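Structure first, commentary second.
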Amino acid sequence: MSESMALAPLGVPSPVAVPGARRSRFGAGLRSLLQTPSAAVGLSVVIFWGLCAIFWPLIVPYDPAAQDYGALLATPSPTHLFGADHLGRDVLSRVLAGSREVLLLAPAATLIGVVGGIVVGLSAAYYGGWFDEILMRVMDAIMAFPFIILVLLILAVMGSSARNVVLVIGLGFIPLTGRVVRAAALSVRNLDYIAAARLRGARGPDIMLTEMLPNIGGPIVVEATVRVGYAIFAVASLSFLGLGVPPPSSNWGAMINETRLYLTINPAIVLAPTLAIGSLVVAINLVADGLRRGLRA
């Protein structure tokens, strides 16, 4: 037995054992993700849209903002595979271009919500007592407001912009993510390695970041993945309501709003961005479900 293992307190994992266990668990989660057919399909769809978001300037058949007045409300054809909208803009090009905006705004909003939720959840679980009670009641009060109404009120005051959309959605995710992180942190708060860290004289923030957070990474990863799907819906919904990124944005929600009046004339121009949103959100949920199963295995 090595000297480091001999000196480790009874029941406390050695410094090498915990990271190794975390790596094996995340490795098992990733293997399960690839081996589960539905999760693998979801991951493929997410990768497809990710590649579209990166390389859309190279693959779009037309300039997304170019107007062809000879193709107003054109139906799908070899020239315009998904038709053209009421301004003669190619729908396929706009859907491909809009993927970048969606895949930038939604993860950015999710990052704000997850980071804020980690701070709230870890603090509430670690300190407990009256601090936990007050903090969770504040989160409950925020969650009592319907999310979309709260976001609409804030954006009506702050104005519509990409930055404001990301900030408002991210802040709205903090209470829900905080409760998930708190529940996971409570399960490890009283374990031996946390007590050992206290005995070493580690401060609260150090214990939360170096001891608790790495050992509840699984639930946080799953929660973050699910939140990305919700963020995509939120970004699209705000754009549909006219409170998202202002024109000439190719946001999928804005495309649906602009073309919904022509649904009976040319359904393809509305269905294309709708199917794009649906496929990406469903794919992300399949990935999240695969991660959840793998991390529980």
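The values are calculated or read from the model by the stated rules, or taken from the named source; none is laboratory data. This one's a predicted model, so the numbers in the text were calculated from it and none came from an experiment. Glycine gets a Cβ as well: all are built from the backbone with ideal geometry, and neighbour counts include every protein chain shown. Surface areas here come from the heavy atoms of the whole protein model, side chains and all, with no ligands, DNA or RNA. Shrake-Rupley method; radii C 1.70, N 1.55, O 1.52, S 1.80 Å.
Can you list the equivalent-ellipsoid semi-axes of segment 100-194, largest first and in whole Å, using the square root of 5 times each Cα gyration tensor eigenvalue?
On the way: eigenvalues 165, 50, 13 Å².
The answer is 29, 16, 8 Å, longest axis first.
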For segment 35-55 versus segment 250-280, the gap between their alpha-carbon centres in whole angstrom: 21
Candidates LEU153, LEU280, LEU73, ranked by Gaussian network fluctuation over the chain, Cα under 10 Å, top entry: LEU153
Cβ-Cβ FRET estimate between ASP206 and ARG163, R0 fixed at 35 Å, reported to 0.05: 0.60
Local electrostatic count, ALA106, Cβ distance below 12 Å [Lys/Arg +1, Asp/Glu -1]: +1
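Determine the per residue accessible area of the chain with all protein chains present and a 1.4 angstrom probe, expressed in square angstrom.
For the chain, the per-residue accessible area is 51 Å².
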Helix-only CD estimate at 222 nm, as mean residue ellipticity for the chain, using -39500 (n - 2.57) per DSSP H run (n ≥ 4): -23500 deg cm²/dmol
Net charge of neighbours whose Cβ lies under 11 Å from the Cβ of ALA84, counting Lys and Arg as +1 and Asp and Glu as -1: -1
GNM top mover of THR259, THR274, THR210 - the chain, alpha-carbon springs below 10 Å: THR210
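If I take every Cα pair under 8 Å that is 6 or more residues apart in the chain, average their sequence separation and divide by the length, what percent do I get for the relative contact order?
Answer for the chain is 28 percent.
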For log10 I(q)/I(0) by the Debye sum over Cα atoms at q = 0.10, 0.11, 0.15 Å⁻¹, calculated from these coordinates, the label among [x] -0.55, -0.67, -1.21; [y] -0.49, -0.59, -1.17; [z] -0.66, -0.76, -1.15: [z]
Fraction of accessible area attributable to carbon and sulfur, segment 90-225 (%, probe 1.4 Å): 71
Relative contact order (%) - criterion: Cα under 8 Å, at least six apart; region: segment 203-272: 18
Net charge of neighbours whose Cβ lies under 14 Å from the Cβ of GLN67, counting Lys and Arg as +1 and Asp and Glu as -1: -3
Which of TRP130, TRP252, TRP49, TRP56 is most accessible, then next, and so on - probe 1.4 Å: TRP130, TRP56, TRP49, TRP252
